[in-house]
Amino acid sequence: MTASPVRRRLRSKTAPACVRKSEFKIKERTGDYIVVQALDAKELQLLLAHLKRKRPRPAKMKNEGAGDSDDERKARYADRDSCISWFNIEAECPFVHQRLKKLVREGNNHWPIIKVDGRGELLCTYEDTQYAVYGPGQHFNAWHQDAFAKGNDPEDARQMTVVLMLSERGAYTGGEFQAKVKMPIRKVTRSISLDAGDALLFPAKRLMHRVSKVKSGTRKTLVFWALDKKSSRYHTGGKPDIPG
C-alpha cells in the first residue's frame, strides 16, 4: 500500500490583520516617539503662504491665572521665550487638518491610548492648533510634558501631540527639540532631528521635552493635540478613564 504524500502547509505572505501599514514614510521609530515625513514641498509652501497672515505674540499658558489651576508646569513655564498664534486649522487649512488627523491615527496605532468606536474612528476631539515661532535667543528651555495623567487643567485632556516642522534645517541654528528617552538603565537626553515637512508624534502625557535656545535664524512649527476629555479629571470631576 502506497503511503499518502505528506502535505506541507504553505506559509502565507499576507501580513497579520493586527499589523497596519503606514501611509507615511517612517524616518525614525522608538518607544518614546515617531518621526514621519508628513508634507511634501508643495503642500508645505501652501501652508506657509497661509501662515504669513498670522501675527504670533509672546507665548503664555492659555489658562494662566484662571481659576484654581494646579498646573504642574506653572513653576517652570516662565522659562520660555517664543511667539505663538492659536487658530482653527480645520476651518482655515482643511487639507492640513486632515493630514494631522491621520498623523494622530498613526501615533495611536503605535500607542493605543485613544479609544475607537465600532467603525474604527478615533474617539477624540482636537485643540486649536499652535503656530510657534522662535527667533534668535528664544527657547522653551523648561523641561515639560504637554499633559499630566493626574493633572487638573483643561490641557490635561491632551493624549497625542503632533509637532510639524515648517523650517528647513539650514534656516536656523540651535533650537533643537530635546527629549528624555528611556534607556535600559536610565533616561537620557536626545536631540531629535527634523526636516521641513517632518512630523514628530508622541504621547502627550509621557514624553518630557524642551526646545533649546535658537542661536541664529528662525524656527517655525505647528503643534497639534488630540484630546480625550475622559482621560482628564478636570473634565471628569474625578478619576480619569485611562486605557489599559
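Which residues, taken from the range 158-180, are closer than 20 Å to H110 by Cβ and either at pLDDT below 95 or crowded, with 20+ Cβ neighbours inside 10 Å (or both)? Break it down stepwise before answering.
Residues of the range 158-180 closer than 20 Å to H110 by Cβ: 158-165, 177, 179-180.
Those that are closer than 20 Å to H110 by Cβ and either at pLDDT below 95 or crowded, with 20+ Cβ neighbours inside 10 Å (or both): R158, Q159, M160, T161, V162, V163, L164, M165, F177, A179.
Among the residues of the range 42-62, which ones are surrounded by 13 or more Cβ atoms within 10 Å (Cβ to Cβ), of a type in the set (K, R) and out of contact with any helix residue (DSSP H, G or I) (no Cβ under 9 Å at 6 or more places or on another chain)? K54, the sole residue that qualifies. Within the range 125-152, restricting attention to residues that are under 19 Å from the mean Cα position of the chain (by Cα) and of a type in the set (D, E, K, R), the residue that is surrounded by the fewest Cβ atoms within 10 Å (Cβ to Cβ) is D128. Would it be correct to say that A179 is in contact with a Leu (Cβ under 9 Å, 6 or more places away or on another chain) and in a loop (DSSP other than H, G, I, E, B)? Against the criterion (in contact with a Leu (Cβ under 9 Å, 6 or more places away or on another chain) and in a loop (DSSP other than H, G, I, E, B)), A179 does not qualify. Apart from one condition, D195 fits all of (1) crowded, with 17+ Cβ neighbours inside 10 Å; (2) out of contact with any strand residue (DSSP E or B) (no Cβ under 6 Å at 6 or more places or on another chain); (3) at pLDDT 95 or above; the exception is (1). Screening D228 on (1) surrounded by fewer than 15 Cβ atoms within 10 Å (Cβ to Cβ); (2) modelled with pLDDT under 95; (3) charged (D, E, K, R) shows it passes everything except condition (1).
The values are calculated or read from the model by the stated rules, or taken from the named source; none is laboratory data. Just so you know, these numbers come straight off a predicted model, no measurement behind them. Because the Cβ atoms are built from the backbone with ideal geometry, glycine has one as well, and the counts that use them run over all protein chains shown.
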